[in-house]
Amino acid sequence: MHHNKSEEEIFKELGTSKNGLSEEEAAKRLHHYGYNEIREAKKISPLKIFFQQFNSAVVYILIAALVISIFLDETIDAVVIGVILILNALFGFYQEYRAEKAVEALKKLASLKATVIRDGREKEIDAKLLVPGDIIKLVEGDKIPADSRLFELANLQTQEAALTGESTPVKKMLKVLSEKTMLADIVNMVFSGTIVATGKGKAIVTETGMKTEIGKIAKLIEETKIEETPLQKKLNQLGRWLGVLTIFISLIIFIVGIATGGKIIEFFILAVALAVAAIPEGLPAVVTIGLALGSQRMVKRNALIRKLPSVETLGSTTVICTDKTGTLTKNEMTVKKIYANNKIIDVTGAGYEIKGEFLFNNSRVDAAEIELLLKIGALNNDASLNDGNVIGDPTEASLIVSAAKRGLKKEELEAMHKRIDEIPFNSERKIMTTVHEFNGENLAFVKGAPEVVISLCTSIYENGKIRKLREEEKTEILEINKEFGSNALRVLGFAFKTVIGKDRMEKNLIFVGLQAMIDPPREEVKHAIIKCKNAGIKVVMITGDHEITARAIGKEVGLEGKSLTGEQLEKIHNLEEIVESIAIYARVNPEHKIRIVNALKKKGHIVAMTGDGVNDAPALKRADIGIAMGITGTDVAKEASVMILTDDNFASIVNAVEEGRGIYDNIKKFVEYLLSSNLGEILTLFFSILIGLPLPVIAIMILWINLVTDGLPALALSVDPLDPYIMERKPNNPKARIISNVVLIRMFIVGFTMMIGTLAIFKAYNPEMNETNLIYAQTIAFSTLMVFQMFNVLNCRSEFKSLFKVGIFRNMKLWGAILISILMHLLIVYTPLNIFFKTVPLNLIDWIYIVLVSSTVLIVVEIHKFAVAKLRPGFIG
């Protein structure tokens, strides 16, 4: 602990300064101290994942069959079951390990960032790279990345409930404390894992990783248990229902088989094989794999998923509530207009280039007359600009640039006019105040929402002189502010006063002027909003900006609907009655966001909500999908969210919704493929026994098809490309069953087609049903069932569209999986392995018949899809 030492002692002890460490020294210390991270209690153990594959009811049944086979000297059956068990475990291990790795990769991407000063310059780094001696900058909403001693602060309070259990924010001070001070009373330090509630500060990192206070508390570092997703719960229910039905059918087959003179061991293993085939105990795991791999794809489209179940919800989103600045707009602010000395002045230049001029009626203005306005903008400012790279708020960065166009450099101004006090900006006050030393006086500089700033002013600074500000002049200035806003400009007001003694900083101010900056809409937003409209998703803009500015931007990007201000919202008690007609909410506070979310949810909407500030956290948690900004978002907002936009772009939200729909679709395809194929096998065996035929396939064949052959094509479906028309249908209904009535009917059509085709070809190859041709006919039936499944996987590429519309060759991974499955089948037909599987080689004519019979499942399903499209055209969206 370093709370009982002075700042100078700590700087000396840790070998650092206010300019921070050099990169070279930081690298040495990282090697010495290690990463600033809490060691996870549980790491992925490949061996554990492998052995977990044997921990299921289905595998226990197979092991029992293996033991009984050995006991009854059925060596071949025992060997084959053993091989299939190992292959199944390897396949399951591959899928689960891949999913675990995908989730781990997503966790790393969501890691905490820290603003650090190194070599005298601010930069953002991964928090795990912090070392003792680093200088960190803290602002409202930050999650503190390491235990650190404060040496500079302004109204800094931290929320330390995670560490001390105390819910009240702790006010921080710079005084040296007694060595025996209790943890909850150490007010000159900040601790890893706690949150900056208000204010800001700078601190020296004293402890990192496991040596931090939170690192010492084992219970706080345990991983939270991953809950089942709604889809997994649905599949578990489906699995239990199918399990009971399958066991019932397996028992019937076993009893009827024995009653008709069959061998007990043969029909026992057959019943086991059938149970293994039909109980879809692996389906919930499939959901995790599909969600994890889908989330990795979403990262490439700038959406980082923090909680996997939210991917399912994305596909059901009906309303997206989005911020304006930086999400619908570029957040590349440039000051274009200035109002001062009763003049509207144009500012030339673009972006963060410091080239530009100040023009009035196309003539150059003497910049000296607006120098005070520019100085207030540069000094009442927490952003920094390094070689065009912004650290902090882009709005503030534009003020640094406008001052630089006059030759006023922020660093030089700060050195000349030291900041001695401040009242930080927050969304309720809508202003920020800083106090600076100026020619022997203390001047308070205020910037913020023009209407708030003007309401606090009693005087005006004009052409170097101060005079009283009349009420009609206030109205005129607000009209100019409105005019700027109607041209989609964002406007800030500026004022100052001399502070004497305990004089209130924000009363009786002197108005100086306005600076108006443009923040153009992102080019891709208009197309993304059209996409939302086609997909049945309503887009709502929520902004703290003026209504007139918001409407101008809304019109430009294509938002349709009425607008409402925060002031009007306060007077409305039944918002849900009009909420669906509102497209723009302007001048709102974060608390209003919760009201908007609640009103939309009462109308049955699934709501996605964006946010970046500390006060946005409750609304983000209340929304079905809380979306935090990756660039401008505070750590608090990110932790409250289920998704982070790495580029703060509205189009990325729409892309994420599209991916969410695609992932859900692919999981449904997977489920349909496995269940319809398994149904075909069950019906084939069930009806063969009912009509008195010999078994068309034996137990080992069924096990091979289900645990080896059809696994790869099923997995390839989970990475099927998005349907090009996916955003032209209504959002998914979260209450809908995973298997719709139409799909359920189709599954039975597939099952019966497979059964009829397999039994027909089996009977054709062994019309007399004698023992001589039985193995040959069983090989034919076995191969037919396998090829049926290869055609069926193509059926499942789309729920309602023809395979030929979806694109036969759009998923080449699927074709690769089909090829591998066929090669594995050929391996046990044409190699000495056929002894174990009781198969015999087939000739070319046999394969022609097999393919012709098996292709019927594709033809029948295409007819069914065509009929559904004709009878229920609205069904396919």
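The values are calculated or read from the model by the stated rules, or taken from the named source; none is laboratory data. On a predicted model such as this, the values are computed, not experimentally measured, just so you know. All Cβ positions, glycine included, derive from the backbone under ideal geometry; neighbour counts span all protein chains shown. These area figures cover heavy atoms from the full protein model, side chains too; ligands, DNA and RNA do not enter into them. Shrake-Rupley method; radii C 1.70, N 1.55, O 1.52, S 1.80 Å.
Being out of contact with any Leu (no Cβ under 9 Å at 6 or more places or on another chain), β-branched (V, I, T) and either surrounded by 14 or more Cβ atoms within 10 Å (Cβ to Cβ) or free of Cβ contacts under 8 Å to residues at least 60 places away in the same chain (or both) is the requirement here; does I835 meet it?
When the stated conditions are applied, I835 does not pass them.
Which condition number does K602 fail, the rest of (1) among the charged types (D, E, K, R); (2) in contact with a helix residue (DSSP H, G or I) (Cβ under 6 Å, 6 or more places away or on another chain); (3) under 30 Å from V299 (Cα atoms) being met?
Every condition holds for K602 apart from (3).
Hey, among I845, I828, I818, which residue is at pLDDT 90 or above, more than 24 Å from D720 (Cα to Cα) and open to solvent by less than 30 Å² (accessible area, probe 1.4 Å)?
One residue alone meets the criteria, I828.
Among (1) of a type in the set (A, V, I, L, M, F, W, C); (2) open to solvent by 60 Å² or more (accessible area, probe 1.4 Å); (3) under 16 Å from G464 (Cα atoms), which single condition is I354 missing?
So I354 meets the others, but not (3).
Exactly one condition in (1) of a type in the set (A, V, I, L, M); (2) modelled with pLDDT of 85 or more; (3) farther than 21 Å from T839 by Cα; (4) open to solvent by less than 10 Å² (accessible area, probe 1.4 Å) is not met by L685; state its number.
(3)
Which residues, counting only those in region 160-171, are at pLDDT 85 or above and either in contact with a Cys (Cβ under 8 Å, 6 or more places away or on another chain) or closer than 25 Å to E37 by Cα (or both)?
The one that is at pLDDT 85 or above and either in contact with a Cys (Cβ under 8 Å, 6 or more places away or on another chain) or closer than 25 Å to E37 by Cα (or both): V170.
Of the residues S581, S563, which is touching a helix residue (DSSP H, G or I) at 6+ places or on another chain (Cβ under 6 Å), surrounded by fewer than 20 Cβ atoms within 10 Å (Cβ to Cβ) and not basic (K, R)?
Unique residue meeting the criteria: S563.
Of all residues in region 477-521, which are among the charged types (D, E, K, R), under 26 Å from T434 (Cα atoms) and open to solvent by 10 Å² or more (accessible area, probe 1.4 Å)?
Scanning region 477-521 gives R490, K497, K502, D503, R504, E506, K507.
Going by what's in this entry, would E412 be described as more than 23 Å from E479 (Cβ to Cβ) and charged (D, E, K, R)?
For E412, the condition - more than 23 Å from E479 (Cβ to Cβ) and charged (D, E, K, R) - is met.
Which numbered condition in (1) open to solvent by 10 Å² or more (accessible area, probe 1.4 Å); (2) assigned to a helix (DSSP H, G or I); (3) touching a helix residue (DSSP H, G or I) at 6+ places or on another chain (Cβ under 9 Å) is the only one that K555 fails?
With (1) open to solvent by 10 Å² or more (accessible area, probe 1.4 Å); (2) assigned to a helix (DSSP H, G or I); (3) touching a helix residue (DSSP H, G or I) at 6+ places or on another chain (Cβ under 9 Å) applied to K555, the lone miss is (3).
Across region 158-183, what is the total count of residues that are part of a strand (DSSP E or B) and within 23 Å of S6 (Cβ to Cβ)?
Total meeting the criteria: 3.
Within region 18-36, track down each residue that is of a type in the set (F, W, Y) and open to solvent by less than 60 Å² (accessible area, probe 1.4 Å).
Once the filter is applied, which keeps residues that are of a type in the set (F, W, Y) and open to solvent by less than 60 Å² (accessible area, probe 1.4 Å), region 18-36 yields nothing.
Name the single residue that is modelled with the highest pLDDT among those in region 184-234 being hydroxyl-bearing (S, T, Y) and in a strand (DSSP E or B).
Among them, the one singled out is T206.
Name the residues in region 658-682 that are under 28 Å from A78 (Cα atoms) and open to solvent by less than 10 Å² (accessible area, probe 1.4 Å), would you?
S677, G680, E681
Only one residue in P724, P696 is over 27 Å from K805 (Cα atoms) and not hydrophobic (A, V, I, L, M, F, W, C). Which one?
Result of the check over P724, P696: P696.
If the requirement is being closer than 30 Å to N341 by Cβ, modelled with pLDDT under 95 and not polar (S, T, N, Q), which of these qualifies: R522, R587?
Answer to the check: R587.
Which residues, counting only those in region 495-548, are touching a His at 6+ places or on another chain (Cβ under 9 Å) and of a type in the set (K, R)?
Within region 495-548, just K538 meets the criteria.
Scanning region 184-203 for residues that are among the aliphatic types (A, V, I, L, M) and either under 16 Å from V614 (Cβ atoms) or touching a helix residue (DSSP H, G or I) at 6+ places or on another chain (Cβ under 6 Å) (or both), which turns out surrounded by the fewest Cβ atoms within 10 Å (Cβ to Cβ)?
A184
Against the definition (open to solvent by 10 Å² or more (accessible area, probe 1.4 Å), over 30 Å from G349 (Cα atoms) and assigned to a strand (DSSP E or B)), how does V539 come out, yes or no?
Considered against the rule, which asks whether it is open to solvent by 10 Å² or more (accessible area, probe 1.4 Å), over 30 Å from G349 (Cα atoms) and assigned to a strand (DSSP E or B), V539 comes out as yes.
Out of region 442-452, which residues are under 17 Å from E414 (Cβ atoms) and either open to solvent by 10 Å² or more (accessible area, probe 1.4 Å) or assigned to a loop (DSSP other than H, G, I, E, B) (or both)?
If the condition is that a residue be under 17 Å from E414 (Cβ atoms) and either open to solvent by 10 Å² or more (accessible area, probe 1.4 Å) or assigned to a loop (DSSP other than H, G, I, E, B) (or both), then N442, L443, K447 are the ones that fit.
Taking the stated definitions as given, is K474 outside any strand (DSSP E or B), at pLDDT below 90 and either buried (at least 19 other Cβ atoms within 10 Å of the Cβ) or over 42 Å from the mean Cα position of the chain (by Cα) (or both)?
Taking the combined requirement at face value, the residue does not satisfy it.
When you scan region 496-522, how many residues do you find that are without any contact (Cβ under 8 Å) to a residue 60 or more places away in the chain and hydrophobic (A, V, I, L, M, F, W, C)?
Qualifying residue count, region 496-522: 3.
Considering only residues that are part of a loop (DSSP other than H, G, I, E, B) and open to solvent by 20 Å² or more (accessible area, probe 1.4 Å), look in region 417-431 and name the one that is nearest to D346 (Cα to Cα).
Checked region 417-431; the qualifying residue nearest to D346 (Cα to Cα) is K430.
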